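**Q** Have a look at this one.
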Amino acid sequence: MDFRPGDLLDKIEYPSDLRQMREDQLPQVCDELRQYIIDVVSKKGGHFGASLGVVELTTAVHYVFNTPYDQLVWDVGHQAYGHKILTGRRKVFPTNRIYKGISGFPKRKESEYDTFGVGHSSTSISAALGMAVASKLKAEDDRHHIAVIGDGAMTGGMAFEALNHAGVSNANLLVVLNDNCMSIDPNVGALKQYLTDITTSKTYNAMRDEVWNLLGHISKFGPNAQDIASKIEHGIKGTLLKSGNLFESLNFRYFGPIDGHDVKHMVKVMRDLRDMPGPKILHCVTMKGKGYGPSEKGNATKWHAPGLFDKSTGEVIKVVPKEPEPPRYQDVFGHTLVELAELNEKIVGVTPAMPTGSSMTFMMEAMPDRAFDVGIAEQHAVTFSAGMATQGLVPYCNIYSTFMQRAFDQVVHDAALQDLHIVFCLDRGGLVGADGATHHGAFDIAYMRCIPNMIVASPMNEGELRDLMYTAQLRKGTWSIRYPRGNGVMPEWRTPFNEVTIGTGRCVREGTDVAILTLGPVGNSALDAAKQLASTGVQAAVYDMRFVKPLDTALLAEVFSRFDRVITVEDGCVMGGFGSAVVEWAMDNGHAAQVKRLGIPDRFIDHGSPAELTAECGFTTSDIVAAALTLCGSATKAAAG
Ligand SMILES: Cc1ncc(C[n+]2csc(CCOP(=O)(O)OP(=O)(O)O)c2C)c(N)n1
């Protein structure tokens, strides 16, 4: 597939080439950059709207600042495609997010221009501040540090923590706030309102300067001056706080809002700010999806990461299945939650900025008063849920496995320790594919099962997900129910609800030679493996354990008394995960079976298709077959020897 960057873009290998160009050539560079992103992403997939929206911002930063000596940190990093193209990766950009190709996010190993690895949000100001303070300590006073953060990412607690620190640091830091009013879904919260107020109040900056000058003068004269000054100050502060002084009150010098699509103006403003010491914030207003007709027309959520599309029409390319497809797990979650909430008025829904991604949208539409998008704020989502649980509500708090890592202490300290009845639903458990190492849900089984009081479960299919969700509102406890990205296995998924006994698994296939114990949907691969094994004469039993905590110890006792060859399979890390739980139990109870654990190995797994990554990790159907044959072969040899 041939991708043709335009004439100017073709000449830019690195930002030093960009900086050779005349300022009046920059709009054309932006145009070509945008077209190249549209070309590649339409055919290869990936994040789309966010990168289009920062084309001018990216070009201006690399034009004005001396990157990579000046250090540029992206927040989340899904918007950094233009940055990748301008920093040595133009030719390999079509390999973006593909197995063994470049990563869809900035990554330190990939380029010296990627100063900080990202994928999770709201880290940029902390990281850039750390770099700025390090530069100061190393007496590199000419070095600049730029954090680019979206209005969505700015809703995360870490961003506020970093602003609070930076404001007293006197660090040479420029925060560029890329305000497009969008997260993946429309941005939420008071900060969003606040940024809108600043943006719409055109006279804000001029008024602010005049007012503060005036106050300075008044306070010097007349007996009532202090009184008048304080009254004016009070009135003005009210206006300012409403319309834009938040950053200044944190000791940042605030500039903007400016049009983030006027590249020449951005260059001028950034040059002015470059030479100004101390913490500064530049508020740029942009449009997500800018410069491509269909994505400018609306539905920015769809254009966040639309999949493949026909560039000329904007039609998303869908493969129409011949048979009715099983639903996505996230949709089963979304519909089931609405059904349960209709049955149980105590149920509420919580999502930290992922309504569409988790299908919490279904409940938000059906019961807007009982479903909450709290912004990119996983820690808050957990403790907010805990607060509601203290009052007898039953929150279903849906957080992607990888993002739940952010809220580990809140799960321990605010939920489990107080034995609160909350149902954490962990979407995207396991290998997620093209988003790669920052997004795989590798660790939740291990980090949840070590917490006292927790009930940790994973369904083998959609019906079991419904049953677990149903049971979780009936039985008090702090629950973690994890399920994967993508489609399930049951086209007829709307099964009647059945209560599951907590801490019980089930045998889904009888066998005599080897037992395969699984947690979650990998049980389906184990069933396929067992069928293949049968044709080789090996009879494998398969157990869907359902719960990793509490473990079904009665079932384990039965398995270990019947089998001396056991395989565990999970789509989570093998270190400390489900297999570890089984082995710990076996050791503690004096069983000496041979146990082979399959799962995600003890290293970070990059991006690729789920099939490629599962093969790399070694828990495909064939891997399970091979493990069983090896175990059975070695047992035969041991017996013969
Ligand atoms: C901790 C964390 N939670 C959730 C996400 C998922 N996520 C990726 S991009 C995004 C929206 C970011 O919005 P913004 O910073 O405004 O950037 P935009 O896409 O609008 O350019 C979200 C919620 C994430 N990357 N990290």
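**Q** Which of (1) away from the ligand (no atom under 14 Å from the Cβ); (2) open to solvent by 30 Å² or more (accessible area, probe 1.4 Å) does residue 126 not meet, given it meets every other one?
**A** Against the list (1) away from the ligand (no atom under 14 Å from the Cβ); (2) open to solvent by 30 Å² or more (accessible area, probe 1.4 Å), residue 126 comes up short only on (1).
**Q** Among the residues of region 34-73, write down those that are within 16 Å of residue 286 (Cα to Cα) and of a type in the set (Phe, Trp, Tyr).
**A** Once the filter is applied, which keeps residues that are within 16 Å of residue 286 (Cα to Cα) and of a type in the set (Phe, Trp, Tyr), region 34-73 yields only 48.
**Q** Let me ask something additional. With the requirement that a residue be free of Cβ contacts under 8 Å to residues at least 40 places away in the same chain and open to solvent by 20 Å² or more (accessible area, probe 1.4 Å), what does region 513-542 give you?
**A** Once the filter is applied, which keeps residues that are free of Cβ contacts under 8 Å to residues at least 40 places away in the same chain and open to solvent by 20 Å² or more (accessible area, probe 1.4 Å), region 513-542 yields 527, 531, 534, 535, 537, 539.
**Q** Oh, and also: Given the criteria in contact (Cβ under 8 Å) with a residue 24 or more places away in the chain, closer than 30 Å to residue 44 by Cβ and either part of a loop (DSSP other than H, G, I, E, B) or open to solvent by 10 Å² or more (accessible area, probe 1.4 Å) (or both), does residue 115 qualify? Steps first, please.
**A** Values: in contact (Cβ under 8 Å) with a residue 24 or more places away in the chain: yes; closer than 30 Å to residue 44 by Cβ: yes; either part of a loop (DSSP other than H, G, I, E, B) or open to solvent by 10 Å² or more (accessible area, probe 1.4 Å) (or both): yes.
It is true that residue 115 is in contact (Cβ under 8 Å) with a residue 24 or more places away in the chain, closer than 30 Å to residue 44 by Cβ and either part of a loop (DSSP other than H, G, I, E, B) or open to solvent by 10 Å² or more (accessible area, probe 1.4 Å) (or both).
**Q** Pick out the one residue from 293, 256, 298 that is under 22 Å from residue 184 (Cα atoms), among the small types (Gly, Ala, Ser) and within 16 Å of the ligand (Cβ to nearest atom). Steps first, please.
**A** Details: 293 fails: within 16 Å of the ligand (Cβ to nearest atom); 256 fails: under 22 Å from residue 184 (Cα atoms).
Sole residue among the options that is under 22 Å from residue 184 (Cα atoms), among the small types (Gly, Ala, Ser) and within 16 Å of the ligand (Cβ to nearest atom): 298.
**Q** Starting from residues that are away from the ligand (no atom under 13 Å from the Cβ), touching a residue at least 40 places away in the same chain (Cβ under 8 Å) and part of a loop (DSSP other than H, G, I, E, B), keep the ones in region 397-439 and report whichever is farthest from the chain's Cα centre (by Cα).
**A** 419
**Q** Taking the conditions exactly as written (in contact with a Pro (Cβ under 8 Å, 6 or more places away or on another chain) and of a type outside the set (Val, Ile, Thr)), does residue 403 satisfy them or not? Explain how you work it out, then say what you get.
**A** Details: in contact with a Pro (Cβ under 8 Å, 6 or more places away or on another chain): yes; of a type outside the set (Val, Ile, Thr): yes.
Criteria met by residue 403.
**Q** I'd like the full set of residues that are under 30 Å from residue 392 (Cβ atoms), open to solvent by 10 Å² or more (accessible area, probe 1.4 Å) and within 16 Å of the ligand (Cβ to nearest atom), limited to region 440-476.
**A** Across region 440-476, the qualifying residue is only 447.
**Q** Of the numbered conditions (1) over 27 Å from the mean Cα position of the chain (by Cα); (2) under 24 Å from residue 463 (Cα atoms); (3) of a type in the set (Gly, Ala, Ser), residue 561 fails exactly one; give the number of that condition.
**A** It fails just one condition, (2).
**Q** Please count how many residues of region 348-359 are under 22 Å from residue 306 (Cα atoms) and either open to solvent by 20 Å² or more (accessible area, probe 1.4 Å) or away from the ligand (no atom under 13 Å from the Cβ) (or both). Show your work before the answer.
**A** If we filter region 348-359 for residues that are under 22 Å from residue 306 (Cα atoms), which is where we start, we get 351-359.
With either open to solvent by 20 Å² or more (accessible area, probe 1.4 Å) or away from the ligand (no atom under 13 Å from the Cβ) (or both) added as a condition, the list becomes 354, 356, 359.
Final tally of qualifying residues: 3.
**Q** Can you say whether residue 104 is touching a Phe, Trp or Tyr at 6+ places or on another chain (Cβ under 6 Å), over 19 Å from residue 252 (Cβ atoms), assigned to a loop (DSSP other than H, G, I, E, B) and within 14 Å of the ligand (Cβ to nearest atom), as far as the supplied structure shows? Talk me through it step by step, then tell me what you get.
**A** Numbers: touching a Phe, Trp or Tyr at 6+ places or on another chain (Cβ under 6 Å): no; over 19 Å from residue 252 (Cβ atoms): yes; assigned to a loop (DSSP other than H, G, I, E, B): yes; within 14 Å of the ligand (Cβ to nearest atom): yes.
In short, no.
Here's the yes/no breakdown for (1) at pLDDT 95 or above; (2) of a type outside the set (Gly, Ala, Ser):
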| residue | (1), (2) |
| --- | --- |
| 558 | yes, yes |
| 580 | yes, no |
| 602 | yes, yes |
| 611 | yes, no |
| 614 | yes, yes |
| 630 | yes, yes |
| 636 | no, yes |
| 639 | no, no |
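**Q** Quickly run through region 360-379 and pick out the residues that are under 22 Å from residue 327 (Cβ atoms), within 15 Å of the ligand (Cβ to nearest atom) and surrounded by 22 or more Cβ atoms within 10 Å (Cβ to Cβ).
**A** Correct list: 360 only.
**Q** Under the condition of being of a type in the set (A, V, I, L, M), away from the ligand (no atom under 14 Å from the Cβ) and under 27 Å from the mean Cα position of the chain (by Cα), which residue from region 130-161 is most open to solvent (accessible area, probe 1.4 Å)?
**A** Applying the first criterion (of a type in the set (A, V, I, L, M)) to region 130-161 yields 131-134, 137, 139, 146-149, 153-154, 158-159.
Checking which are away from the ligand (no atom under 14 Å from the Cβ) leaves us with 131-134, 137, 139, 146.
So of that shortlist, the ones also under 27 Å from the mean Cα position of the chain (by Cα) come out as 131-132, 146.
Details: 131: 30, 132: 2, 146: 0 Å².
Among residues in region 130-161 that are of a type in the set (A, V, I, L, M), away from the ligand (no atom under 14 Å from the Cβ) and under 27 Å from the mean Cα position of the chain (by Cα), the one most open to solvent (accessible area, probe 1.4 Å) is 131.
**Q** Hey, can you tell me all the residues within region 27-53 that are in contact with a Lys or Arg (Cβ under 8 Å, 6 or more places away or on another chain) and either of a type in the set (Ser, Thr, Tyr) or crowded, with 24+ Cβ neighbours inside 10 Å (or both)?
**A** 36, 42, 49, 50, 52, 53
**Q** Somewhere in region 313-332, is a residue within 16 Å of the ligand (Cβ to nearest atom) and not aromatic (Phe, Trp, Tyr)?
**A** Kept after step one, since they are within 16 Å of the ligand (Cβ to nearest atom), are these residues of region 313-332: 330.
Next cut, not aromatic (Phe, Trp, Tyr) only: 330.
Scanning region 313-332 turns up at least one residue that is within 16 Å of the ligand (Cβ to nearest atom) and not aromatic (Phe, Trp, Tyr).
**Q** Restricted to region 394-427, and to residues that are charged (D, E, K, R) and open to solvent by 10 Å² or more (accessible area, probe 1.4 Å), which residue is nearest to residue 571 (Cα to Cα)?
**A** To start, the set of residues in region 394-427 that are charged (D, E, K, R) comprises 406, 409, 414, 419, 427.
Adding the requirement that they be open to solvent by 10 Å² or more (accessible area, probe 1.4 Å) leaves 406, 409, 414, 419.
On the way: 406: 20, 409: 23, 414: 28, 419: 28 Å.
Going through the qualifying residues, I end up with 406.
**Q** Here is a follow-up. Helices (runs of 4 or more DSSP H) wholly in region 29-97 with at least 2 residues that are touching a Leu at 6+ places or on another chain (Cβ under 6 Å) and at pLDDT 95 or above - which ones?
**A** Output list reads 55-64.
**Q** Then there is this: What number of residues in region 291-319 are at negative phi and either open to solvent by less than 40 Å² (accessible area, probe 1.4 Å) or outside any loop (DSSP other than H, G, I, E, B) (or both)? It would help to see each step written out before you state the result.
**A** At the first step, the residues of region 291-319 found to be at negative phi are 292-297, 300-306, 308-313, 315-319.
Then drop every residue that is not either open to solvent by less than 40 Å² (accessible area, probe 1.4 Å) or outside any loop (DSSP other than H, G, I, E, B) (or both), which leaves 292-296, 300-304, 306, 309, 316.
Number of matching residues: 13.
**Q** With the condition kept exactly as written, say whether any residue in region 327-335 is open to solvent by less than 30 Å² (accessible area, probe 1.4 Å), touching a residue at least 60 places away in the same chain (Cβ under 8 Å) and assigned to a loop (DSSP other than H, G, I, E, B).
**A** yes
**Q** Something else about it: Modelled with pLDDT of 95 or more, part of a loop (DSSP other than H, G, I, E, B) and within 16 Å of the ligand (Cβ to nearest atom): is that true of residue 382 in this structure? Outline the logic, then answer.
**A** On the way: modelled with pLDDT of 95 or more: yes; part of a loop (DSSP other than H, G, I, E, B): no; within 16 Å of the ligand (Cβ to nearest atom): yes.
So residue 382 fails the test.
The values are calculated or read from the model by the stated rules, or taken from the named source; none is laboratory data. Everything numeric here is computed off the predicted structure, so don't read it as measured data. Because the Cβ atoms are built from the backbone with ideal geometry, glycine has one as well, and the counts that use them run over all protein chains shown. For the accessible areas, the whole protein counts, side chains as well, though only heavy atoms, and no ligand, DNA or RNA atoms are used. Shrake-Rupley method; radii C 1.70, N 1.55, O 1.52, S 1.80 Å.
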